[in-house]
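Undergrad: Quick one: structure below, then a few questions.
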Amino acid sequence: MSTESRVEIARVVSVNPAKHEVRVKPIAAHARQLNALQTGWFAGPGATPIRVRIESTRPDRGMVIVRVAAGVPRDTLRSFDRGMLSIEADALLPPGEDDGWTVADLIELAVHDEAGMLVGEITEAAEGRANDVITVTRPDGSRFLLPVVPEVILSIDFEAGIVTVGDMTAFAVDDAH
């Protein structure tokens with residue numbers, strides 16, 4: 001397959017060969033492609049792209065951790081550093097196609113800060129034009145709104161039921177309900 005039939009969807013930021021993980025920064029127009037990724041093409045700077053099977057992906061502080069399936073040697077993984085991740089053009093999700101989860105799926109998840117301290121629980125969620133918004137209810141019953149943007153939502157772990165947030169100071173809005 002020629003490189004003309006592939007679309008770059010993320011830049012490689014770092015590689016952890018021991019865990020078979022590659023941290024990527026999604027290219028804005030293609031960020032949602034990473035949620036449903038099963039195979040991809042990694043290439044380090046100036047290298048020939050290598051097709052790999054993707055075991056899993058998870059958001060992490062505005063980036064995505066891509067776990068490459070076993071079978072790719074560690075030296076090969078190291079060669080992806082500062083490279084690109086691309087997919088076949090015919091594998092692109094059409095606009096609006098379901099890519100795995102919606103903001104409503106965040107309801108009832110716990111919200112923790114970066115230190116692991118409980119902030120509250122997501123009790124409401126709404127889709128928006130610019131970004132989605134969640135309502136977080138603190139343990140004392142007070143509520144506040146947060147935008148679902150990479151600057152605020154650092155990671156979402158559906159298995160553990162935890163959304164990790166960064167510094168919310170500039171983003172949190174008290175909810176008067």
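Undergrad: Report yes if some residue within the range 34-49 is under 17 Å from the mean Cα position of the chain (by Cα), at pLDDT 85 or above, in a loop (DSSP other than H, G, I, E, B) and within 20 Å of Ala91 (Cβ to Cβ); otherwise report no.
TA: Yes, the range 34-49 contains a residue that is under 17 Å from the mean Cα position of the chain (by Cα), at pLDDT 85 or above, in a loop (DSSP other than H, G, I, E, B) and within 20 Å of Ala91 (Cβ to Cβ).
Undergrad: Additional query: List the pairs whose first member sits in the range 31-54 and is of a type in the set (Lys, Arg), whose second member is surrounded by fewer than 17 Cβ atoms within 10 Å (Cβ to Cβ), and whose Cβ atoms are under 6 Å apart, counting only residues at least 6 apart or on separate chains?
TA: Arg32/Asp99; Arg53/Thr39; Arg53/Ala69
Undergrad: A follow-up question, please. If Thr137 satisfies every condition in (1) in contact with a Lys or Arg (Cβ under 8 Å, 6 or more places away or on another chain); (2) closer than 20 Å to Pro59 by Cβ; (3) at pLDDT 85 or above but one, which is the exception?
TA: Of (1) in contact with a Lys or Arg (Cβ under 8 Å, 6 or more places away or on another chain); (2) closer than 20 Å to Pro59 by Cβ; (3) at pLDDT 85 or above, only one is false for Thr137: (2).
Undergrad: Residues in the range 21-31: is at least one closer than 27 Å to Gly161 by Cβ and part of a helix (DSSP H, G or I)?
TA: Among the residues of the range 21-31, at least one is closer than 27 Å to Gly161 by Cβ and part of a helix (DSSP H, G or I), which makes the answer yes.
Undergrad: So in the range 27-46, with the set limited to residues that are of a type in the set (A, V, I, L, M, F, W, C) and in contact with a Gly (Cβ under 7 Å, 6 or more places away or on another chain), which one is surrounded by the fewest Cβ atoms within 10 Å (Cβ to Cβ)?
TA: Among residues in the range 27-46 that are of a type in the set (A, V, I, L, M, F, W, C) and in contact with a Gly (Cβ under 7 Å, 6 or more places away or on another chain), the one surrounded by the fewest Cβ atoms within 10 Å (Cβ to Cβ) is Ala36.
Undergrad: Let me ask something else. List the strands (runs of 3 or more DSSP E) inside the range 131-175, counting only whole elements, that have at least 3 residues being within 22 Å of the chain's Cα centre (by Cα).
TA: By residue number, 132-137, 143-148, 153-157, 162-165.
Undergrad: Among (1) within 17 Å of Arg61 (Cα to Cα); (2) surrounded by fewer than 17 Cβ atoms within 10 Å (Cβ to Cβ), there is one condition Glu108 misses while meeting the rest; what is its number?
TA: Of everything listed in (1) within 17 Å of Arg61 (Cα to Cα); (2) surrounded by fewer than 17 Cβ atoms within 10 Å (Cβ to Cβ), Glu108 misses just condition (1).
Undergrad: Against the definition (of a type in the set (Ser, Thr, Tyr) and touching a residue at least 12 places away in the same chain (Cβ under 8 Å)), how does Thr137 come out, yes or no?
TA: It is true that Thr137 is of a type in the set (Ser, Thr, Tyr) and touching a residue at least 12 places away in the same chain (Cβ under 8 Å).
The values are calculated or read from the model by the stated rules, or taken from the named source; none is laboratory data. The structure presented is a predicted model; accordingly, all values stated were derived computationally and were not measured. Cβ coordinates were reconstructed from backbone atoms using ideal geometry, including for glycine residues, and neighbour counts include every protein chain displayed.
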